[in-house]
Amino acid sequence: MMALVMLGLVIGSAILASWISSADPLSISPRFRYRLPSSEFLFGSDQFGRDIFSRVLHGGQISLMVGFLSAVLAAFFGTLAGLLAGSFRLIDQILMRVMDGLMAIPNVLLAVAIVSLVGPSLVSIVVAICIPEIPRVARLIRAMVLTLREEPYVFAAVSMSIPRWKILLRHVLPGCVAPLVVQFSYMFASAILSEAVLGFLGVGFPSEIPSWGNVIAEGRTAFQRAPWCILFPGIFLSITVLTVNILGDRLRDLLDPRISASRAR
Amino acid sequence: MARLIFTRLLAAIPVMLVVATFVFLLLRLSPGDPAIVIAGEHASQQQIESVRMALGLDQSLVVQYVLWMSQMASGDFGNSVLSRQPVLSLIADRLEPTLVLATVTIILTVLLAVPMGAIAAWNRDGWRDRVVMTFAVIGFSVPSFVIGYTLVLLLAINAKLLPVQGYVSPFADPWGSLRHVILPAITLSIVFMALISRVTRASILEILGEDFIRTARAKGGHEKRILWKHALPNAAVSIVTVIGLGIATLISGVVVTESVFNIPGLGRLTIDAIQGRDYPVVQGLILVFSFVYVLINLTIDIIYLIVDPRIRY
């Protein structure tokens, strides 16, 4: 419950950023460089005199959006791949080898390589973050399909000669929803982290677009002098990822009957 | 047995083929002319042409692919665009810091996370369990650079206990090397420890429900002995598997951690190569990292085959 409230606060503050903080996240005023956190600059100011509080709130919009979009895309393509692999043997052989290969590439490396080749933009960053997540979803859904197709109700559907795609969509897919929702929340958390890592490594959004990643990245140079430049966006980032992960755990406990069964034992 | 090991070895080949194909396609399918991408936007026409020739980008995609695959198979990863040195020797030069960091991290993780997970499972739903699980969730959520900078701020800058950044070879100065590697290793190990302690807890909980544990209890076996002598060794298979799979997380973490602590290892090489648009080096690094990952997991699988007669793939 606590986690839900916290996440609500973070999302709300990101949506209402312009109302909460009147300061322009981009306005540069050399007069106010490296101000300590105070009533004027709630989270202090950076090396260009920009208001960190405003940058963190506005950064939330970008970071949350990137995280959400990446997780949605990864869930969609992963589910598609998992359904196909789970139902057609030939596709399974090819697709799963490709997924194994993708999983062997460390995800940060893959994302960094994609963004640096295509150039940083909302689309390229979302794609770069979502590609390494696809194999995980595909494996999960494939395993679910392989289990579910042994269920009596699926046999019943087959015996009534309902077309295969209809069985998949109407009878198998709904059974995959619960684990998918849990996986989605973990992906959302890890996508927000990935965006921050990309920004931190200097291959994220250009600095005119504040995101938690590049606000932290820009704070690096002044870290010893003005630790608040990293501290506050870092805290926001950590709290968001933490609450999403906790919600994921709760969802898993609620939705996964195997785990709740072992709890009850 | 020999046949099983052989099949396992064969199964690793398609994975590496997919990785190599993907790395090949990454540059070729990206929008824009790959020669311009590599030479840089401000390169002259002549420079672009020379890059095109050097990388064989003027030939058809199929010819390029065959050429690429045969080069990879013979271990020829090409030359760096920036320094003109062979990619593999560049990688070899930067290997030591990364190996030292990764080794210390893995040792630290196993020494701490496995007992943590075991104690959490043994004390299920008790306060120790809560502490460990809270740590695990936080470890997953706080990005490693935030952990790294916080540690630097507290232990290196304020308390002046440890150096802020840099790397010293253990062969030159073992003590200095340890002092330099300890903060990066803690930073890198937090997420890894979160993963391992969670898995250790889960697999020990599963084993504690098995019949032979009940038998051991019925015999009047001491609880501690049951945990460490009966449950943990049987949980080891899943724990070691996750350590192997976690190598991918570790490699991603190395890139970030080396960047925070300014360690001249493979992670820094990656970032330098990306920022310098040195694609042959980037490609080589992706291939080497993936190869290491596949190799470690292959080794773990094969050791299982030999050690645990129940496992058949």
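The values are calculated or read from the model by the stated rules, or taken from the named source; none is laboratory data. Predicted model only: the values in this text are computed from it and were never measured. All Cβ positions, glycine included, derive from the backbone under ideal geometry; neighbour counts span all protein chains shown. These accessible areas exclude ligands, DNA and RNA; they are computed on the full protein's heavy atoms, side chains included. Shrake-Rupley method; radii C 1.70, N 1.55, O 1.52, S 1.80 Å.
Of the numbered conditions (1) of a type outside the set (Phe, Trp, Tyr); (2) more than 13 Å from chain A (Cβ to nearest Cβ); (3) closer than 20 Å to residue B:117 by Cβ, residue B:155 satisfies every one except a single condition; which is it?
(3)
Take the conditions assigned to a helix (DSSP H, G or I) and within 16 Å of residue B:196 (Cβ to Cβ) and apply them to residue B:249. Does it pass?
Criteria met by residue B:249.
Assess whether residue B:112 counts as being open to solvent by 60 Å² or more (accessible area, probe 1.4 Å), within 20 Å of the chain's Cα centre (by Cα) and more than 30 Å from residue B:15 (Cα to Cα).
Numbers: open to solvent by 60 Å² or more (accessible area, probe 1.4 Å): yes; within 20 Å of the chain's Cα centre (by Cα): yes; more than 30 Å from residue B:15 (Cα to Cα): yes.
Yes.
Is there a residue in segment B:274-287 that is in a helix (DSSP H, G or I), more than 10 Å from chain A (Cβ to nearest Cβ), over 23 Å from residue B:73 (Cα atoms) and open to solvent by 20 Å² or more (accessible area, probe 1.4 Å)?
no
Kindly indicate the residue of segment B:55-77 that is under 12 Å from residue B:34 (Cβ atoms) and open to solvent by 70 Å² or more (accessible area, probe 1.4 Å) and also nearest to the chain's Cα centre (by Cα) among those meeting that condition.
B:61
For segment A:75-123: of the residues being under 30 Å from residue B:285 (Cβ atoms) and hydroxyl-bearing (Ser, Thr, Tyr), which is farthest from the other protein chains (Cβ to nearest Cβ)?
In this case the residue turns out to be A:121.
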